[in-house]
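Okay, so here's the structure we're looking at.
The values are calculated or read from the model by the stated rules, or taken from the named source; none is laboratory data. Keep in mind it's a predicted model, so treat the numbers as computed, not measured. Cβ coordinates were reconstructed from backbone atoms using ideal geometry, including for glycine residues, and neighbour counts include every protein chain displayed. Only protein heavy atoms, including side chains, enter the accessible area calculation; ligands, DNA and RNA are left aside. Shrake-Rupley method; radii C 1.70, N 1.55, O 1.52, S 1.80 Å.
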Amino acid sequence: MDQIVYYICIPLGWLMKLCWKMVSNYGVAILLFTLFTKIVLLPLSVWIQKNSIAMVKIQPQINFLKANYQGNIDLIADEQAKLFKKEHYHPMLTVIPLALQIVLLLGVVYIIYHPLNYLFGVSADTVQALAEAIGADPKSSSVQLQIIEAIQNGTLTATSAGGALGAATFDKIARFKMTFLGMNLSAVPSKEWGWYTLVPILAGASSFVMCFTQNLANVVQKEQGKINKYGIMLLSVGLSLYLGLGVPSGIALYWIASNLLSIAQMYALNAVIDPKKHVDYALLEESRTALEKARAFGKTDKKDPLYKQMKEREKKDYKRFKHIVNKHIVIYSERSGFYKYYKALIDELLARSNLTIHYITNDFNDAIFEVAEHEPRIKPYYIGLRKLSVLMMLMETDMFLMTTPDLNKYYLKRSYIKNDIEYVYVPHDSMSVHMSFREGAFDAFDTVLCTGPHTVKELRAIEDVYKLAPKNLVEFGFPLLDDLVDSVRAEQTDEPARQVKEILIAPSWQEDNLLDSCIDTLIEELYGDKYHITVRPHPEYVKRYGYQLQTLVDKYADRDPAKLTFELDFSTNRSIYTADVLFTDWSGVAAEFSFATLRPSVFVNTKMKVCNENWQKIGLTPVEMDIRDKIGVSVEKDALENIGRTVETLLSEREKYAEAIASYFQTFTFNHGTAAKKGAEYILKSLMRKKQAAQQKQTA
């Protein structure tokens, strides 16, 4: 190691000697040496600055990459390497400044400990002879400083040196001053104390100032997290204090000067190569938010009393699922409430085949676990979102059913190890697929079970506009709505006539919904002896805006409960299907209400619920807009003063609306009463084709 440092110090020693000859002051020479090293390395600093800007410029892509593939470390590493190559970014350049700082520091340490070699050109053999002359250890790191001190205090004379040094060299060494501002640069503060205590303090302070300014203005450092920022600061300050205490003061002087010059250089480079001209900081913040959400996504609260039990079951179920081979069909459910969208389909599959259905849920208390107790061919698994994101990428099955859109866009990915899985989208509402879902929400699916003709038209139009390969579009229907229609109409046959009519206000939860825009006007116009008003907020509104909702409830707390109630218990939907008139904005509940009861809905024209801002590219009117005047009436939110008359008209023309709604319903969805049967038939035929194809492949 000494040999390596020796050769590194040859050019550095030459530069130090040049600086010393220029100013004849060792302290100023160290400062000048520090400045020259910064100038010599300036081209490298410019390269590093550009590389750092490149890093921050592509950081949004890296953040989105990590957010989208959260949990798949290998894939993230592969994609990140491709991105670095594409953008000509060199990650190893980030360690060059640190490596150079270490090399320079080692060099300065070595030079300050060996001034006889690098400033006066004294050979190693001569140094050994002089050390023996004063009785010092030739292998001691400070032996050359001891020799200089012996010469300057008269302990070692030219005579006692035995002619080892020439007269001229001996005279230069005798006059050599290692002081700066009255401080001996060869002195070690931990041995001297007194005023030398300032040395480590100043060294630590310079590091603190450098790290503080870098956290504010360095291209890369200011984008780091708090742990990295302040961790580096603590490490740097701690190292500076250590250096300042344990090495000669001249080394600390170099360290302080280097830190301060680094600050000046950073601001100069930022002025010449301004990161703000190259980096989209708004996009960077957006990507950082996406990454934070992805990392928090599905994280179980450790304070939950069931936390340990949930983690144990998840571990057990994950392992059990992975070890089962030849899985033909897997169903994924976000939570217990989604079982209702699969129930009729599952019942048909079990009745028509000997299939085993593997059912993954993110809900620890999903109803599927109770269902499975009575049906051995349903195998349920509790797997949280974080583990699911990895499991999806390692999935092995013939067919995967899900009600969750946006496959392959966020945390739910298609399998990376089995590329012939058929991914089937099962509808959880009957509205449009090009406005009420995000753009590209169905692009990664192979098959979509379509609720009605409008779904087929919209998906085919999307394929045409975006030049996508055609999907399997199955004329399915909406089994849940069929069951709802049958059960509600059966109850209505025994329903007695009511003098006080039921009005239900059931808004969505998006921006400008009824509760946020015109609920006070609606209540004031409809409140009275004729009607009982039930306000049923969307469950998501309750979850997100509980304080606002409670303020509203408190506002009307003194009203007669026989005329106005707020329904916050969502365990039953009875209030929806016993109402005479429904008020909503853009909620899909209107279709379910009107088709099931044959009663009209009132749509208040608040701001549209739009998930895809580019829906107009498709060239079709969304069913949410088309349905408004076919199963009821639509009104402007600023024209509700006479809404009571509208309600009276709807009630008086109830039979006319019932006939129109029933007629529209016949064309709205496919396969009334047989949707689940049609869906099961498609699934079984598709699985059979896959089985036959696999057999042919084996025999080929």
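Listing for the model above:
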item: Where the range 210-254 is the region considered: accessible area per residue in Å², 1.4 Å probe; result: 48
item: The range 548-700: equivalent-ellipsoid semi-axes (sqrt of 5 x gyration tensor eigenvalues, Cα, Å); result: 41, 20, 19
item: Area accessible to solvent at Lys322, 1.4 Å probe radius, in Å²; result: 80
item: Cα lying deepest toward the dipole's positive end in the chain, options Asn184, Leu468, Ser207, charges on Cβ; result: Asn184
item: Mean ellipticity per residue at 222 nm, deg cm²/dmol - from DSSP H runs of n ≥ 4 across the chain, formula -39500 (n - 2.57); result: -17500 deg cm²/dmol
item: Cα long-axis angle, helix 42-68 against the chain (0 to 90 degrees, to the nearest 10); result: 20
item: Alpha-carbon Rg with Dmax, taken over the range 548-629, Å; result: 16.0, 50
item: Rough spin-label spacing in nm, given labels placed 7 Å along Cα→Cβ, for Glu334 and Ala167; result: 9.6
item: Nearest-ten-degree value, helix 198-217 long axis tilted from longest Cα axis of the chain; result: 30
item: Straight-distance crosslink candidates among aspartates and glutamates, where the alpha carbon sits under 15 Å from Lys697 and sequence neighbours closer than 8 are dropped; result: Asp420
item: Positive dipole terminus of the chain, leading residue within Cys611, Leu484, Tyr242 (C-beta point charges); result: Tyr242
item: Heavy atoms of Arg559: accessible area, 1.4 Å probe, square angstrom to 10; result: 60
item: Of the GluC sites (Glu not before Pro) in the range 621-700, those whose Cβ has at most 11 other Cβ within 10 Å and which sit in DSSP loop; result: Glu641
item: Inverse of mean 1/r across different Cα pairs in the range 305-416, Kirkwood, Å; result: 14.4
item: Ratio Rg/Rh [Cα only; Rh per Kirkwood] for the range 604-683; result: 1.08
item: Where His114, His374, His358 fall by accessible area, highest first, once all protein chains stay in place (1.4 Å); result: His374, His114, His358
item: Label-point separation, Thr674 to Arg352 (7 Å along Cα→Cβ), nm; result: 1.1
item: Coil-residue chymotrypsin sites (Phe, Trp or Tyr not before Pro) of the range 168-257, DSSP, other Cβ within 10 Å capped at 12; result: Trp193
item: Scattering curve values for the range 133-257, log₁₀ I(q)/I(0), Debye with Cα scatterers, q = 0.18, 0.19, 0.20, 0.21 Å⁻¹; result: -0.94, -1.00, -1.06, -1.12
item: Surface share of carbon and sulfur [accessible, 1.4 angstrom probe, percent] for the chain; result: 56
item: Rg to Rh quotient for the chain, alpha carbon positions, Kirkwood Rh; result: 1.20
item: Farthest toward positive dipole pole in the chain [+1 Lys/Arg, -1 Asp/Glu at C-beta], among Gly231, Ala579, Leu145; result: Leu145
